[in-house]
Amino acid sequence: MAQIREGATATSTTATIEPLRTRASRSRFRKFLGRVRYQYGLIVGGTILFIIVLITIFAPLIAPYDPIDLVNTRRLPPSREHIMGTDEIGRDTFSRVVYGGRVSLRVGILAVLIGASVGTLLGVSAGYIGGWVDAIIMRCTDVLLAFPGILLALGIVAILGPSINNVMIAVGIEFIPAFVRTVRGSTLSVKEEDYVLAARAVGAKSGRIIGRHVLPNVIQTVIVLGSLAVGIAILAAAGLSFLGLGAQPPTPEWGAMLSDARNYLRESPHLAIFPGATIMIVVLSLNLLGDGLRELLDPRMRP
Amino acid sequence: MGRFILKRVVLVIPVLIGVTLLTFMMVHLVPGDPIVVMLGDRATAENVERLRREFGFDRPLYVQYLDYVWSALQGDLGSSIRTRQPVLDEVLRVFPSTLKLTAAAVLVATVVGVSAGMLAATAKHRIVDFLTMALVLVGISTPTFFSSLLLILLFSLKLDLLPVAAGSGIKPLILPSVALAAPAAAVLARVTRSSLLEELRKDYVRTAYAKGLKDRTVMTVHVLKNALIPVVTIIGLQVGGLMAGAVIVESVFARPGIGRFAVTSINARDLPAIQGIALVAALIYVTVNLLVDILYGFIDPRIKYR
Amino acid sequence: MSLRDSISGTSLRSLMGARLTRRSMLVRAGALGAGMALAAPLLAACGGDDDDDAPTATSAPAAPTATTGGAAEPTATTGGAAEPTATTGSVAQATPTIAPPPPTPTPGGATAEVGGTWRLVLGQEPDTLDAHKTGAYVSGVVHRYIGDTLIHKSPQGEILPALAESYEVTEDGLTWTFILKDGIKFHDGAVCDANAVKACYDRALDPEIKSAVTIGQLGPIESITALDDKTIEFKHTTSNAVFFDNMAHPVCSVLNAEAAAAAGDAYGRNPVLTGPWKFVSWEAGVEIVMERNPDYAWSPQYAGHEGPPYIQDLIIKIFPETATAVTALEAGEVDQIEINQADIQRIKDTGKYETIEFFRPGATFMEFNVSRPPFDDINIRKAFNHIFDREAILDAALEGYGRLLYSVLPQSIWGWWPGSVDYAYKMDHDKALEYFAASGWTKEGDKIVKDGQQFKCTFTTISGNQAQSNGSQVIQAQLRSFGIEMEIKTTDFTTVISDLKAGNYEVSYIGYAYASPDIVFIWFHSSNIGTGLTLSQNNSPELDALIDESRSNPDLDRRLELYMEIQKWITDNAIHVPLYEASTTYGLQPRIAGHLVHPDGHLHLLDAYITDL
């Protein structure tokens, strides 16, 4: 789980995304589409992710069994009947992996929404208002950043008690600083743009400036960071579930499934390999998508 | 240089105050009466009242906070509810193990990450670059708990090469440190690569080539020195991440350490222990970052004037 | 003496507080026969000593093993000739007691030589090695190696003098006198005489020490007196039929109270006792190192030889993951483990290790909280007892390495009622529905409902326990297909116990590891509600009376009858759903001889030696 914060920091340090100055016109949009054609990572990641989301949505149709029913003898190796075998008490592993996607994606997306919405609000306030508001917000994010990686989430779960929803909140809070910093940066640069200065000069209200000029520009940054953050959030939540602090039985959750698989690693490695590989593929495609989006929205970042 | 260091140190102070405030508030943020939570079945009215006085929970919050900071400064982080030992003793007892693991992981991550990054940036064939970067992506996307299990499965169970259990010597350290280092190595490889590429595009490199310097000399003498500056920062940032990652790795490999101590304490609702661990972890992280900042100033003198 | 006694007695009485008054109910005038001194060892032989006062998540990291057939005898494989012995003559009435195997035959005729290292694995780290402050089974195991009690339980299950040379008990059963052996010394060189022993038990009784288990083991003490250098006398306020069993418990190990006072809180990590091995060091989370005590000249009566043990260094490795332990055994990193169920067959198939299977006395059940809805209703409790396919639960939880449980006492504890096999509830969904109907619940569609609400309950389980994790999910699945929704709540052991003690649960997955039938007092007596382990919160004077008599009546036949009645009462009132009794399988490197499985469950190593020195 080392990567949670680094992922975010690496993103924010290596990719400080400059907002696009004007809104996409028709021809710009065509150019945009043209660029997409060369973003293989984006296409591959997006496609895999799309398929995974479809599988998750149609889980009841795709999973051959109920994910929590005992359907056969325990720890059967993969076979035609159970393509990923059965688990330590006789549930169908494939069905559990499929339903596990619902838990992980929900937690990943909602955690990022929490982090992104609070982070954006604070980041825009800090950047736009400036002064002591900025100082206080930035010092607070410094404090949150002083707890490295999963430790912050761990501490929050310690306070709230172990459950998958608390993990979601904890991971969401952990993301706030990354969003605050990035959004603040974007806000600051937008604020200095001529048209914003002009709007202020003619007496436009702050709310209007933020709504019409700042947010639309900031939002791209948030989308890029968010797409990368979902992967990190899924990893963090699975990690906490692995430690027994997240999803509770019999909820099918990938991290918890791996944790259960530990005791059967030698005899039934399939119990660890399938959920593990699934997390890896999902996070990998999210990273491809995020990297692709970043390069697409900020061409100068292309190495 | 002295002023630069002083300035950095002063900047850390508000963060430290914030950190102590947050860890202090932890106990008060727990739903329900913290004393009852801590006492569990021993929570008779009499005990609760006695402990409330002992912990000083009957005093105003700011007095409690100052007291907390004062005790912490003297090395008193309270006593663990579970083991009844001073928290600092407990932390110090397991800390060497975590330090060993983290240090080994930093070493692995730096060596593997930086060389992979250099390989990718200077590869003559695009395919090498592509494959290295693909591996990097896999490294970032693989959860530590999964890679740990795969390493155990392969190297301990199938090949019977390395032990899984904690013990003395280098051997038991190999698998956990590799598992812990993998994502950090991936991030480092990425940063090294892009930093090198950026540096190679700069004018002075072209001039050097124009002057007829040989490839290798240009690379090692000029480019590497400049390109590694951001890498050092990232290594510093990774230290915190590695410390956090140790939570999972220690649990998988059944190693003693701060991470496992933290998980055990959370499971036991041992609030003073959790508080102490959080404080110590944050202090270490802040210190490491401060050192990296200062080191950065030494490597790149331009920083001072910013 | 009488003056002194009455003074210390009074002060002790006031110190003991509630505990005394509770135990004073045990007075049964004139019930104590002349056979008291004789009876005690007999009782002990029947499996008297206890492993652990706290309920353990049985089979937690411990990995029990197959027996299916249900024979209670432990078997020693690879040793070859080792056949389980029948129970010894002195314990004729102790029907299904664990009979420890005889010492393994010496491979290749190696002789006992001093030296070598034996590394054994424990799944849990001791909380503390202060005997007075622990109740953990693992601390007890360590104390078996570094400590001695006044009397010990032999590997054959008899209680015999250890630090004591002999003992006497008065006709009324109130006064116990132990004569100490000569020349006993603590590991720090201090003399262990009667005064030191008195100081040790005084410390346990000191309310400042907050003794976890020891104080309870001592019972209703009126006074402890050192009559001379070698003689120590315990006076009880009421007769205590289980005192003798209890004194052999590891928490009653004689520790150096002076050293403990000097070390303060640090004593728990630097214990000073008298045992065959000395404590050397304890690296948190890694290992506890002990070395041979060359001065050990007070080996217990049952030891195969006099003087110090043969094994030079004894190292306890702490491995919280059972799967890791197996790997370490195969890599030669450790010598003795409890094998994870999933690996037992494979380890046996290798033929490289000695495996010993046995039942560590204990039991696991679903315990109801009878003090609050929904399980305050006996119909619901009986209905639950008819729902489960317990074989399937046993199979999932222990991979079959265990046997079904039929009442509160397992077959491995003396006092087990053989009739309980037939008397226990059987899976019968029609009967379950009848009981539900009697309380107004009906099956509509695939749900059990009343007033349009589905029957729901919460199952409290312990984290980090594969057997419980598997078992609880099977239980949950069986209930779901019957039409009941059960939520599983998993927390750590300490939290679970405090919730259970406080009655803050509906139904829980819990068990105990305890070798004496006196567990019925600990587990069901109303005086143990709240602070003790009467987790069901069941308060019945009728049951209390049966238990009280079982504790004080010296007549073994009568006690056996009482235990039967107690088991019947608990079944009739459906206080719990008995689940299973787990078996344990030790895996050993075959380079040891002279070892035995102690009835308490640890390996007896005093006469053991390394064969490949």
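The values are calculated or read from the model by the stated rules, or taken from the named source; none is laboratory data. In this text the structure is predicted, and so the values were computed from the model without any measurement. All Cβ positions, even for glycine, are placed from backbone atoms using ideal geometry, and neighbour counts span all protein chains on display. Just the protein is used for accessible areas: all its heavy atoms, side chains included, with ligands, DNA and RNA removed. Shrake-Rupley method; radii C 1.70, N 1.55, O 1.52, S 1.80 Å.
Structure above, values below:
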| item | result |
| --- | --- |
| Those residues of region C:475-493 whose amide nitrogen sits under 16 Å from the label point placed on C:GLU444, 7 Å along Cα→Cβ | C:483-485 |
| Nearby lysines by direct alpha-carbon distance to C:LYS185 (threshold 19 angstrom, same-chain neighbours under 8 apart not counted) | C:LYS198, C:LYS230, C:LYS278 |
| For region C:437-556: accessible area per residue (Å², 1.4 Å) | 31 Å² |
| For A:VAL167, net neighbour charge (Lys/Arg +1, Asp/Glu -1) across residues whose Cβ lies under 11 Å away | -2 |
| Carbon + sulfur, % of accessible area of region B:97-257 - ligands and nucleic acids excluded, 1.4 Å | 69 percent |
| Across C:LYS382/C:LYS568; C:LYS456/C:LYS568; B:LYS158/C:LYS352, pairs whose alpha-carbon gap is larger than 20 Å | C:LYS456/C:LYS568 |
| Paramagnetic reach from C:ASP295 in region C:200-235 [backbone N under 18 Å; point 7 Å along Cα→Cβ] | C:200, C:230 |
| Surface/4 of the Cα convex hull for chain B, nm² | 20.7 nm² |
| In nm, spacing of pseudo-spin labels at B:LEU61 and C:ASP182 (7 Å Cα→C-beta vector) | 7.2 nm |
| Alpha carbon centroid spacing (whole Å) that separates region B:52-120 from region C:579-604 | 39 Å |
| Length-normalised contact order of region C:362-584 in % [C-alpha pairs under 8 Å, at least 6 apart] | 35 percent |
| Given charges at beta-carbon only (K, R positive; D, E negative), |dipole| of region B:97-257 in Debye | 460 debye |
| Distance in nm between pseudo-label sites at B:ARG52 and A:ILE57 (7 Å out along the Cβ direction from Cα) | 5.5 nm |
| Reference-scaled alpha-carbon Rg (2.2 N^0.38 Å with N residues) for region C:362-584 | 0.98 |
| Accessible surface, region B:97-257, averaged per residue in Å² (probe 1.4 Å) | 42 Å² |
| Debye, to nearest 20: dipole size of region C:362-584, +1 on Lys, Arg Cβ, -1 on Asp, Glu Cβ | 320 debye |
| On Cα atoms only, tilt of A:270-297 relative to the major axis of chain A in degrees | 20 degrees |
| Kirkwood hydrodynamic radius over Cα pairs of region C:294-430, then Stokes diffusion coefficient at 37 °C and 0.692 mPa s, in µm²/s | 169 µm²/s |
| Pairs of alpha carbons in region B:97-257 whose separation is greater than 25 Å (percent) | 38 percent |
| In sequence order, calculated HN-Hα J values of region C:170-186 (Karplus, 6.51, -1.76, 1.60; Hz; x Gly/Pro) | 6, 4, 6, x, 8, 10, 10, 10, 10, 9, 7, 5, 7, x, 6, 10, 6 |
| Segment B:LEU107-B:TYR209, length gained on full extension (0.36 nm per residue, minus Cα span) | 33.4 nm |
| Mean-position separation - Cα centroids, region C:526-577 and region C:338-387, in angstrom | 21 Å |
| Rounded to 10°, Cα long-axis angle of helix A:131-145 versus longest principal axis of chain A | 20 degrees |
| Spatial separation of Cα centroids for region A:126-158 and region C:182-226, in angstrom | 55 Å |
| Gain upon complete extension [C:LEU556, C:ARG591; 0.36 nm per residue less C-alpha separation] | 8.4 nm |
| Calculated FRET value between C:ALA437 and A:ASN165, using beta carbons and R₀ = 45 Å, to 0.05 | 0.75 |
| Extent along principal axes [Cα atoms of region A:38-301; Å; largest to smallest] | 75, 45, 27 |
| Efficiency of FRET between C:ALA502 and C:ASP376 - r from beta-carbon atoms, R0 22 angstrom, step 0.05 | 0.85 |
| Sequence-distant aspartates and glutamates (8 or more away, or on other chains) whose Cα lies within less than 18 Å of A:LYS191 | A:GLU18, A:ASP134 |
| Principal-axis tilt of helix A:40-57 within chain A, Cα atoms, nearest 10 degrees | 60 degrees |
| B:ILE13 paired with C:LYS568, simple spin-label distance in nm, labels 7 Å along Cα-to-beta-carbon | 8.1 nm |
| Mean separation of Cα contacts under 8 Å, 6 or more apart, over the residue count of region A:211-303: relative contact order % | 30 percent |
| At R0 = 51 Å, FRET efficiency that the Cβ-Cβ distance of C:GLU391 and C:GLU283 yields, to 0.05 | 0.75 |
| Sum of side-chain charges, C:ILE311 neighbourhood, beta-carbon under 12 Å (Lys, Arg +1; Asp, Glu -1) | -2 |
